[in-house]
Amino acid sequence: MTNFTIVYVYAKQIKSRIGMIFLNNVSKQFKLVLTLLVLSVIIVISTFANPQSLLAVSDNNGEGVTKKTLAPGSKYATDLYIIDSGKPGPVVMIVGGVHGSETAGYTAAAKVKNWKIDKGTLLVLPQANRRAIAEHVREISGEGNLNRLFPDSKGETPKHTLASAIWSAVKQYDVDWLMDMHEGIDYAKTSSSVGQSLIYYPNSSTKKIASKIVAGLNKDISRSTRKFCLIDLPVKGSLARAAGQYLGVHSFIFETCDNPSLSVRVKCQLQAAQTLLRNLDMI
Ligand SMILES: [Zn+2]
């Protein structure tokens, strides 16, 4: 039962009881005012008793969702979910599992593929590197780091089957915004990790939403060394860099630190994706 169904049932019961006891002799206008007052109080109580109702993104029931296999028939085959609202709007692509050991990214992306949107199109590739995820390794031995196999010069095509299939999908669907979900090994930036960060391809509107994502997350983080930071250029050969530089996509990599529990990290990933979609009026 939804909050509003509960509110309606309560309101009906309360209205009839109040009506029997107190309101037999008062005016219709007073009855109306009192009923509205009772309804408002119940709505406020019901909303604050269940704050998740303000945060949750509703799940779709499979309507308007198409599943397409990238690199079909190959050992890299992986599913792309296309959630089409049926209304014009931005095309957003959310990618998880480019690195198979970065659990929060592909766990969060698997949830995002069930989200319902109000406009535009949401593409979700939850398990970009399915084989690396199955082995729980960053990359498959001998195949290189998938996030360095995307074009690093204009007109170049990826030299790897999987990178090529993902790149083709970004072009085919004319993606406007791309979020690539990753994880780092520490909170703060070190020589071997970018830390908790959002790394965007330089663009003023990308920066505007990226700043809101980081600010929203940092509000709940008290220790300054654990806050997310904004970095403005993804590494060469990465999906976000190539999409931003060569296809004009508003793109970024989002990195959680893998120290906290998986649920905390997944929550950060989902909050970042929600902030992106909310700022594009898609949810
Ligand atoms: Zn990564």
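The figures follow:
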quantity	calculated
Only one of Ser168, Ser204 that is farther than 18 Å from Gly237 by Cα, surrounded by fewer than 16 Cβ atoms within 10 Å (Cβ to Cβ) and either within 13 Å of the ligand (Cβ to nearest atom) or modelled with pLDDT of 95 or more (or both)	Ser204
Matching residues in the range 222-242 - criterion: being assigned to a loop (DSSP other than H, G, I, E, B) and basic (Lys, Arg)	Arg223, Lys227, Lys236
Search result, residues across the range 254-283 that are more than 15 Å from the ligand (Cβ to nearest atom), of a type in the set (Ser, Thr, Tyr) and surrounded by 16 or more Cβ atoms within 10 Å (Cβ to Cβ)	Thr275
Considering residues of the range 92-101 that are crowded, with 24+ Cβ neighbours inside 10 Å and more than 9 Å from the ligand (Cβ to nearest atom) only, the residue farthest from Leu122 (Cα to Cα)	Gly97
Test: residue in the range 265-283 that is of a type in the set (D, E, K, R), modelled with pLDDT of 95 or more and on the phi > 0 side of the Ramachandran plot	yes
Some residue of the range 46-53 being in a helix (DSSP H, G or I) and at pLDDT 70 or above	no
Sole exception among (1) closer than 20 Å to Gly237 by Cβ; (2) assigned to a loop (DSSP other than H, G, I, E, B); (3) modelled with pLDDT of 95 or more for Gly155, by number	(3)
Selection within the range 180-200 - modelled with pLDDT of 95 or more and either aliphatic (A, V, I, L, M) or away from the ligand (no atom under 16 Å from the Cβ) (or both)	Met181, Leu198, Ile199
Among the residues listed as Ala110, Ala104, Ala128, Ala134, the single one being assigned to a helix (DSSP H, G or I), of a type outside the set (Lys, Arg) and within 14 Å of the ligand (Cβ to nearest atom)	Ala104
Residue within the range 199-217 that is free of Cβ contacts under 8 Å to residues at least 40 places away in the same chain and assigned to a loop (DSSP other than H, G, I, E, B) present	no
Any hit, the range 243-253, residues being in a helix (DSSP H, G or I) and crowded, with 24+ Cβ neighbours inside 10 Å	yes
Some residue of the range 243-250 being in the same structural domain as Met179 (by TED's automatic domain parsing), within 16 Å of the ligand (Cβ to nearest atom), within 20 Å of the chain's Cα centre (by Cα) and farther than 17 Å from Tyr106 by Cβ	yes
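Yes/no per residue for (1) in contact with a strand residue (DSSP E or B) (Cβ under 7 Å, 6 or more places away or on another chain); (2) closer than 23 Å to Asp258 by Cβ:
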position: Thr121; (1), (2): yes, no
position: Val124; (1), (2): yes, yes
position: Gln127; (1), (2): yes, yes
position: Gly155; (1), (2): no, no
position: Ala169; (1), (2): yes, no
position: Met179; (1), (2): yes, yes
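The values are calculated or read from the model by the stated rules, or taken from the named source; none is laboratory data. Being a predicted model, the structure only gives us computed values, none of them experimental. Cβ: placed from backbone, ideal geometry, glycine included. Neighbour counts: every protein chain shown.
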